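Written below as structure tokens is the structure these notes are about.
Just so it is clear, none of the values below were taken in a lab; they were calculated from the coordinates. Note that the structure is predicted; figures quoted are calculated from it, not measured. Note that we place each Cβ from the backbone using ideal geometry, even for glycine, and neighbour counts take in every protein chain shown.
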Amino acid sequence: MAMGEQLVETNDLTKTYGALTAVDRVSLSVWRGEVYGFLGPNGAGKTTTLRMLAGLVRPTGGSASVLGDQPGSPRTLARTGVLIEAPRFYPYLSGRDNLRVVARYAGVGDRRVEAALDTVDLAGRGGDRYAGYSLGMKQRLGVAAALLKDPELLILDEPTNGLDPAGMRDMRALLRDLGERGHTVLLSSHLLAEVQQLCDRVGVISGGRLLAESTVDDLLGQAGLLVRAEPVERARDTLERLVGAGNVAVADGSLRLRAGPEQAGRVSRALADADVVLTELRPLERTLEEVFLEMTDNGRTER
Amino acid sequence: MIGSFKAEILKLRKRPATWVLLGVVLGLNQLFGYVFPYSSWLSGDQNFQTQGLDPQGLLAGVLPGELVPTSLGGFPVFVGALALILGALAAGSEYGWGTMQTALTQRPSRLAVHGGKLLALAASTLFIVLVTFALNATVAGVIATVESRPLDYPSLAEMAGGVGSGWLILGMWSGLGALLGFAFRGVALPVGLGVVWVLGVENLVTAVANSLLTSLRPLRDVLPGVNAGSLVWSLAPGGGSGGDAPPGVIDAVTGGRATLSLALYVAAFAAAGALLLRRRDVA
């Protein structure tokens, strides 16, 4: 995607608690209009980073800028919707009254409350006490509160936590819609398939360090083709001539080609011409989960 | 800060604990200010509160003329303790429920959130004082009518002085409660420590300074509760015509000094709370 204005930028952002370094020199950037996935295992430093971006926690090193201003400044907060870790509301108030409280803090009118409840499908239960809400309803109310200001930037920490499959689908649709309408979303999630579907770019953090930051496609690497054929040696020679020796690898009795799916026809024809029996030919794609586990396992090993 | 104030008022207004505390304030005020003295006068019985007092003095204490001292009699101690609980609930619950995070990620600065909370507490304590005076005025008027006594209410200036003094006392105690709530980031410890301070420590220090160790008087005279008690004493020396001064109402410092001390406490508690909220991480 075309890069425009940077809405979030951190430079060597660091947070230490005594001897523990929770966030270690993280430098990331989120561009206007993108949906940015922030990935990492539990305790990786995701939430602490998001807390620093929301102005709740002060960095011990480095710097951060949100919407061109200091994190947590009134000007920044007025344009940012935040849901971090878990929704936090007053148990004795109804969902609607909780949003009214938030609306007063945010300086927006009560009419936005009904629209926000409607957006997260809670309009019918808005009068119920928050204490009686299910986990999924609490989560949806948290998202409603984040949307109340119609913010330019949304910082959402695990927004699908506690949602049932239908709720997760609806939340994905909402986030996708927000992205399409030009909102910038910075979201952390454990659900990598969800991130892969939703996000334009991702940052992977482990042990407090940002291990990678790129588009999802770049992170997954170039698409490939998996070929099973007999005899393997003749098949390899044929394919090396076709796509180049450096682009063919043998693993587990199959051949892995660094070539796009559009090359499948050429591969099939070349093998047939070489009297090779083709038994399997399919696109070979790594999932984000595979890449994530590979990266974070390496991160753990390094530590 | 206006947005924060409106949010805080909505929270306090809808919170059952606020109304429970108001009910307890009014109930105790009626019980000790009117029910016990008046029933004692009616029956001619002597109880712990009225023993040795002139019966006519007992009646005078529940008539409109004594509205100010009778209304404020409980403020330095038990109403003060309830105001402290209100302050501790308003500030400490935000940490217990994690809602401080919600408040601080909207629009207002931390100082504005803090200022809104203190303003809302000030409004709530003023409401408590006004409702107390209104109810007491009504009850005193009814008693005066029943007893065929004149409806001689204090002048507006005296009433305003009484309301202002009560407001200052409750503002000080609720400010201390809020400060403890911010300091300990919860409710239980601030309420426990605060109530022990109001009901126990201040009384002990005062008792020791009055009898065993008079060199402690300078320390006694700077205690917040002692200044609250002195302010009430200054409005009705000796407890008014109703008889003995209630617990905590004490002739320790002048009314002017007590007013200044309480105002300084309010400012100091507010400043310390603001400093804590401004400097600390919210996790």
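Here are the numbers for this structure:
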{"item": "Cα-based helix-to-principal-axis angle, A:165-180 vs chain A, degrees rounded to 10", "result": "90 degrees"}
{"item": "Inter-part distance where the stretch A:125-155 and the stretch A:183-200 are each reduced to a Cα centre, Å", "result": "19 Å"}
{"item": "Shielding by other protein chains, A:102-111, mean Cβ within 10 Å", "result": "6"}
{"item": "Nearest-ten-degree value, helix A:264-273 long axis tilted from longest Cα axis of chain A", "result": "10 degrees"}
{"item": "Anchor residue B:11: aspartates and glutamates whose Cα lies under 17 Å away (excluding residues fewer than 8 positions away in-chain)", "result": "A:97, A:110, A:128, B:94"}
{"item": "Simple spin-label estimate for residue B:28 and residue B:257 in nanometres, 7 Å along Cα-Cβ", "result": "2.7 nm"}
{"item": "Cβ-based exposure ranking for A:183, B:114, A:190, in which fewest neighbours within 10 Å come first", "result": "A:190, A:183, B:114"}
{"item": "Cβ-Cβ FRET estimate between residue B:208 and residue B:268, R0 fixed at 25 Å, reported to 0.05", "result": "0.50"}
{"item": "Distance in nm between pseudo-label sites at residue A:115 and residue A:75 (7 Å out along the Cβ direction from Cα)", "result": "2.5 nm"}
{"item": "Sparse-neighbour loop sites [GluC sites (Glu not before Pro); the stretch A:1-91; at most 12 other C-beta within 10 Å; DSSP]", "result": "A:5"}
{"item": "Distance (nanometres) between label positions extended 7 Å along Cα→Cβ at residue B:217 and residue A:25", "result": "6.7 nm"}
{"item": "Over the stretch B:24-135: Kirkwood hydrodynamic radius from C-alpha pairwise inverse distances, Å", "result": "16.5 Å"}
{"item": "Size of charge dipole - the protein assembly as shown - debye, nearest 20, with Cβ of Lys, Arg +1 and Asp, Glu -1, no other charges", "result": "680 debye"}
{"item": "Most mobile listed residue (A:70, A:197, A:263) in chain A, GNM with C-alpha springs under 10 Å", "result": "A:263"}
{"item": "Mean residue ellipticity (222 nm) of chain A, computed from DSSP H runs ≥ 4 via -39,500 (n - 2.57), nearest 500", "result": "-11000 deg cm²/dmol"}
{"item": "Unit charges on C-beta of K, R, D, E only; dipole of the stretch B:2-279, Debye", "result": "1520 debye"}
{"item": "Sequence of B:156, B:59, B:42, B:170 once ranked by neighbouring C-beta atoms within 10 Å, starting from the fewest", "result": "B:156, B:42, B:59, B:170"}
{"item": "Column: log10 I(q)/I(0), Debye, Cα scatterers of chain A, q = 0.07, 0.09 Å⁻¹", "result": "-0.36, -0.55"}
{"item": "Listed residue (B:214, B:186, B:261) projecting farthest to the positive dipole end of the stretch B:145-276, Cβ model", "result": "B:186"}
{"item": "Hydrodynamic radius by Kirkwood, which averages 1/r over all alpha carbon pairs of the stretch A:222-285, in angstrom", "result": "11.1 Å"}
{"item": "Cα extents of the protein assembly as shown along the three principal axes, largest first (Å)", "result": "124, 53, 39"}
{"item": "Range of Cα positions in the stretch A:176-280 per principal axis (Å), largest first", "result": "54, 33, 21"}
{"item": "Helix-derived mean residue ellipticity, 222 nm - over chain B, DSSP H n ≥ 4, -39500 (n - 2.57), to 500", "result": "-22500 deg cm²/dmol"}
{"item": "Relative contact order for chain A, counting Cα pairs under 8 Å that sit 6 or more residues apart, in percent", "result": "19 percent"}
{"item": "Sequence of A:171, B:1 once ranked by neighbouring C-beta atoms within 10 Å, starting from the fewest", "result": "B:1, A:171"}
{"item": "Extreme residue, positive dipole direction of chain B, given options B:92, B:235, B:74 (C-beta unit charges)", "result": "B:92"}
{"item": "Choice from B:152, B:221, B:251 with maximal GNM fluctuation in chain B (Cα, 10 Å cutoff)", "result": "B:152"}
{"item": "Lysines whose Cα lies under 18 Å from that of residue A:46, excluding same-chain neighbours fewer than 8 positions away", "result": "A:15"}
{"item": "At least 24 Å along the helix axis (C-alpha) and Kyte average at least -1.0, DSSP helices within chain B", "result": "B:110-146, B:156-184, B:255-279"}
{"item": "Equivalent ellipsoid semi-axes - Cα gyration tensor, the stretch B:143-209, angstrom", "result": "36, 17, 13"}
{"item": "Reference-scaled alpha-carbon Rg (2.2 N^0.38 Å with N residues) for the stretch B:133-283", "result": "1.24"}
{"item": "Taking the C-alpha atoms of chain B, convex hull volume expressed per residue in Å³", "result": "128 Å³"}
